[in-house]
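One structure is given here, and the rest of the page talks about it.
The values are calculated or read from the model by the stated rules, or taken from the named source; none is laboratory data. None of the values given here were measured: they were computed from a predicted structure. Note that we place each Cβ from the backbone using ideal geometry, even for glycine, and neighbour counts take in every protein chain shown.
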Amino acid sequence: MDLVALLAIQVLYAVASLALISVGLAIIFGMMRVINLAHGEFLMLGGYAAIVATSHGISIWVAMLVVAPIVVGLIGIIVERAIIRFLYGRMIDTMLATWGLSLFLVGLTTAIFGNTTVGISAPLGSIQIGAYRTSAYTLFVIAIAIAVLGAIFAVMRWTRLGLIARGTMQNADMAAALGVNPPRVYAVTFGVGAALSGLAGAVLAPVSGVFPTIGVAYVAKSFITVIGGGAAILSGTVSASALFGTINQIATFVTTPVFGEVALLAAAIVLIRLLPQGITGRFFRRGL
Amino acid sequence: MNGRSLNILGLVLVSVTGLAFMLLTPQLAELDTVLDLTVYMIMAVLALSLALIWGFGGILCFGQSAFFGLGAYTYAIAMFNIGESTLPFLLAIILPAAFAALLGYFMFYGRISDVYLGVITLTVTLILFNSVNSTAGPEFHIGTARLGGFNGIPGIPPLNWPFNKTAAIDLEGMFYLATGSLLATYFGLRLLLASQFGRIIVGIRENERRAELLGYDPRAYKLATFTIGGALAGFAGCLFANWGNFVSPTIFGLAQSAQIIIWVIVGGRGTLIGPVIGCIGIQWLSAALGANQPSGGSDLWSKIFANAPLILGVILIAFVLLVPKGLVPTLGDIGLSLVRRRRAREQRGFEPQQAE
Amino acid sequence: MAAALLDTRDLSMHFGGVKAVRNVNFTLAEGELRCLIGPNGAGKSTFFKMLTGQLEPTRGQVLFRGQDISRAHAHQIARLGIGIKTQVPSVFDGLSVRDNIWLAASRLNSKERARRLVDEMLERIGLVDAAERLVGQLAHGQRQWVELGLVLSTDPELILLDEPAAGMTHEEVLKTAALVREINRSKALIVVEHDMQFIRMIAKQVTVFNQGSVLVEDTVDNIMRNPQVRDIYLGKQAAA
Ligand SMILES: Nc1ncnc2c1ncn2[C@@H]1O[C@H](COP(=O)(O)OP(=O)(O)O)[C@@H](O)[C@H]1O
Ligand SMILES: [Mg+2]
């Protein structure tokens, strides 16, 4: 029984962390049709932002939940203005340029921070589930994922920004028809997506540590979650994370973490083959 | 000068320089240089494999390193088990080709769009990397060959003359082999592209729907192209395993895939000589940057300039934004417009005379 | 009785809520030339796309010489002998005119023969002088001719032309009409066109589409006198 509860928490954690690392990318892909291959590096930068901030005496909570998203969000806006905006409508060129950006950011952080893993210790202790112990931080990550998804839901559902976002998702010209300034919408969207990635990277930093090439570990997983999910940002991210997270965790449990990951990637390829439009291209079409 | 004679001139130029380079280098250069040049030649074969798939076939493959790595690992593993290189050499081409065919069947017959093609090939590369990387323990072996995980496989025996185990190829022989392979690949692809098959795959790249409406099945042509590209990359991988007598999972890595893409972008899609030039140029640059490192100071700027990923990233971004066609096609365009302008000037020069 | 060349049964195409084509029963005899008219959005292009395998019908069947091709791939249908000139010219923009035609001619012919056929076709569509130019650099009218050359070079039994005279000068329209009549000596054709003058020059029998269905089918003269056709056709044209 306790084992079941533990496994349930671990599955939930896998789903939550997958949703967390993917949601920023999902926003950028869902609203702008931009595939950002530097997404993993945005997560990595979030981790570094949190670490640098804590080393300057800022509380770890503030560093993770405030500093990291702001720093990475600003970087996102700069990137959108400097690179992405010249490439709208050229999906493949955008992928290539952001791949270049990814290499650049890896190189830059290596030059600044060196090629070693920096850690921050998880700020919460452990909790007891029957005979097993698990880290309380696991529950915190789950809570953060729920909070982030809830906040996106609220914004999409009840604010003018959300209305614009939904409009752009369904029809790119609609934003213009609504009388909004699309360049500003795009810059803001990209910034928000980047900020959420920064947040995710910072929140996961105590679990995984931070090093310049950590983005590689994130990028494929978040991609397949987003593409597996399809165009609808929220329901897509949630459904694909649930599917892939569960597969990953169960395969990990049965074999090793590495094969858990391999199972996840293989499942994703099969899913893309079966549902080229993603889960939400087939189901929950009217979702957010 | 019309297009045809320009074409022939290009061919002659490439053959003469290529042959001269192959025959003279070992005579004139130090062995170290010859060794470095060998790996450039091998990588150029790899660049050509993507030049075919992407530049002419229009297939966005972000995982060309998967076939490269598969070729290298196949050669290594087969070599430890067999000991004589004829069969391992063939397997190192056949296995990646078969894998490409399988993957290609899955993608093209599933009508997966360009963007997803990129993501799938990337994902496959990562799966291979993760799997091979985690096989460090002694329990992971194929026959007598241990996979070695992230440590890689050292001490791979070199190629020998077909069916003659005692006649192993030495370092200089490796240079001849690599350069000869590059020239053969280049001219082979020229022939392929001039054939009906080659013209059809370019037609499919230009307008897939129209090709279909003329009765060509794009899926079959793309599959064939992808398979040939996989075989070539595997071949390059086999040569690479020979060159360093060593393979490790990093050759499946994203960094390796990115490199191949950069070579092709920089040199130019839709040309063969472009990616070869791009490959050699970028590798030379990376080597020069790497060589900076020990002597360079420890301040940030010298760290930045000694940092290959950083510079490569900047190059990739700059080319996508500023020179999206790549060097060779862009230079071609500039040349053409210069010729046109001169012709126009000449004509203007003639007109008053005629009027007199 | 000679079997029909083409036969559709209850052919329908729905895009979500939009019923672009509904329950069309259409028959074309061997060697026939038929004109298809109807206001914009009537479903003519969608109908053509189903005939050529570019769209899979929501419902119904397409029979070509009695064979059901409604679920066949576009390239299979092309090999059976249906060629199409699409409404928006679909050509190989990055290739020369000669290479364009060559790609079409080389599927069925040996190298030598294909080369000769290309030269003949260049002559026929009047683009000998532009043979080495990139198709993407040609004027709209010329690209239409290239596409026509592509279609003819695959030697189909049935040729579908979607607004072949659109964007052409009066002179070119006359030339196109002459070419269509000449093609019709050996092939069956379905031609979508708005230009009534053009239709008069080529067709006897006309089918009128409206809102996805066949409104009437009659001779050119009767169609032009039909007040219902005038209303839906000219009315909507004027409005558009
Ligand atoms: N791919 C598509 N998706 C959604 N609606 C379409 C699509 N293609 C055509 N339509 C709609 O189907 C109707 C018929 O279009 P079409 O066949 O192009 O008409 P026509 O060629 O007679 O002008 C139009 O209302 C058009 O908007
Ligand atoms: Mg139409």
Point to revise | Criterion (within 16 Å of the chain's Cα centre (by Cα) and over 27 Å from C:I199 (Cα atoms)) met by exactly one of C:A74, C:A104, C:A42 | key: C:A74
Practice item. Taking C:T52 as meeting all but one of (1) away from ligand 2 (no atom under 16 Å from the Cβ); (2) within 14 Å of another protein chain (Cβ to nearest Cβ), write down the number of the exception. Key: (1)
**Study point:** Counted residues, segment C:188-223 - those being within 14 Å of ligand 2 (Cβ to nearest atom) and closer than 18 Å to C:E32 by Cα
**Key:** 4
Review point. Inside segment B:128-185, can you point out the residues that are among the β-branched types (V, I, T) and touching a helix residue (DSSP H, G or I) at 6+ places or on another chain (Cβ under 9 Å)?
Key: B:V132, B:T135, B:I142, B:T144, B:I153, B:I156, B:I169, B:T179, B:T185
Check your understanding: Does C:D68 qualify as being surrounded by fewer than 17 Cβ atoms within 10 Å (Cβ to Cβ) and either under 23 Å from B:Y109 (Cβ atoms) or at the interface with another protein chain (Cβ under 7 Å from one of its Cβ atoms) (or both)?
Key -> yes
Practice item. Taking only segment A:67-84 into account, find how many residues are more than 23 Å from A:S55 (Cα to Cα), in a helix (DSSP H, G or I) and in contact with a helix residue (DSSP H, G or I) (Cβ under 7 Å, 6 or more places away or on another chain). Key: 6
Check your understanding: Which of (1) away from ligand 2 (no atom under 16 Å from the Cβ); (2) away from chain B (no Cβ under 14 Å); (3) over 25 Å from C:Q205 (Cβ atoms) is the odd one out, the single condition C:G167 does not satisfy?
Key -> (1)
Study note, to complete from the structure: C:V88 fails exactly one of (1) surrounded by fewer than 18 Cβ atoms within 10 Å (Cβ to Cβ); (2) away from ligand 2 (no atom under 16 Å from the Cβ); (3) within 11 Å of chain B (Cβ to nearest Cβ), namely (2)
Review point. Only one of C:G60, C:G41, C:G66 is assigned by TED's automatic domain parsing to the domain that holds C:L5 and within 30 Å of C:G136 (Cβ to Cβ); which?
Key: C:G41
Review point. Within segment A:14-25, is there a residue that is within 14 Å of chain B (Cβ to nearest Cβ) and touching a His at 6+ places or on another chain (Cβ under 8 Å)?
Key: yes
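Rundown of residues vs (1) of a type outside the set (S, T, N, Q); (2) within 14 Å of another protein chain (Cβ to nearest Cβ); (3) under 22 Å from A:V270 (Cβ atoms), yes/no style:
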position: B:N81; (1), (2), (3): no, no, no
position: B:M107; (1), (2), (3): yes, yes, yes
position: B:L122; (1), (2), (3): yes, yes, yes
position: B:T125; (1), (2), (3): no, yes, yes
position: B:N130; (1), (2), (3): no, yes, yes
position: B:A136; (1), (2), (3): yes, yes, no
position: B:L147; (1), (2), (3): yes, yes, no
position: B:G152; (1), (2), (3): yes, no, no
Point to revise | From C:V118, C:V21, residue being over 18 Å from the mean Cα position of the chain (by Cα) and surrounded by 24 or more Cβ atoms within 10 Å (Cβ to Cβ) | key: C:V118
Review point. Can you name the helices (runs of 4 or more DSSP H) wholly within segment A:184-288 that have at least 3 residues being away from chain B (no Cβ under 12 Å) and free of Cβ contacts under 8 Å to residues at least 24 places away in the same chain?
Key: A:233-254
Study note, to complete from the structure: Taking segment C:193-210 and keeping residues within 13 Å of ligand 1 (Cβ to nearest atom) and either in contact with a strand residue (DSSP E or B) (Cβ under 8 Å, 6 or more places away or on another chain) or closer than 17 Å to C:L174 by Cβ (or both) leaves C:E193, C:H194, C:T207, C:V208, C:F209
Revision key, fill the gap. Within segment C:121-164, residues within 14 Å of chain B (Cβ to nearest Cβ), more than 20 Å from the chain's Cα centre (by Cα) and either closer than 22 Å to C:E32 by Cβ or not basic (K, R) (or both) come out as C:A131, C:E132, C:L134, C:V135, C:G136, C:Q137
Exercise for review: Specify which of the listed residues (C:I183, C:I190) is more than 16 Å from ligand 1 (Cβ to nearest atom) and closer than 30 Å to C:R225 by Cβ.
Suggested key: C:I183
Check your understanding: Among the listed residues C:S96, C:S45, which satisfies the condition of being more than 16 Å from C:D155 (Cβ to Cβ) and within 16 Å of ligand 1 (Cβ to nearest atom)?
Key -> C:S45
Exercise for review: Kindly indicate whether any position in segment C:27-36 is outside the structural domain of C:V135 (by TED's automatic domain parsing), within 12 Å of ligand 1 (Cβ to nearest atom) and touching a residue at least 12 places away in the same chain (Cβ under 8 Å).
Suggested key: yes
Practice item. Taking the options C:L51, C:L11, name whichever one is within 28 Å of C:E182 (Cβ to Cβ), assigned by TED's automatic domain parsing to the domain that holds C:T219, within 13 Å of ligand 1 (Cβ to nearest atom) and touching a residue at least 24 places away in the same chain (Cβ under 8 Å). Key: C:L51
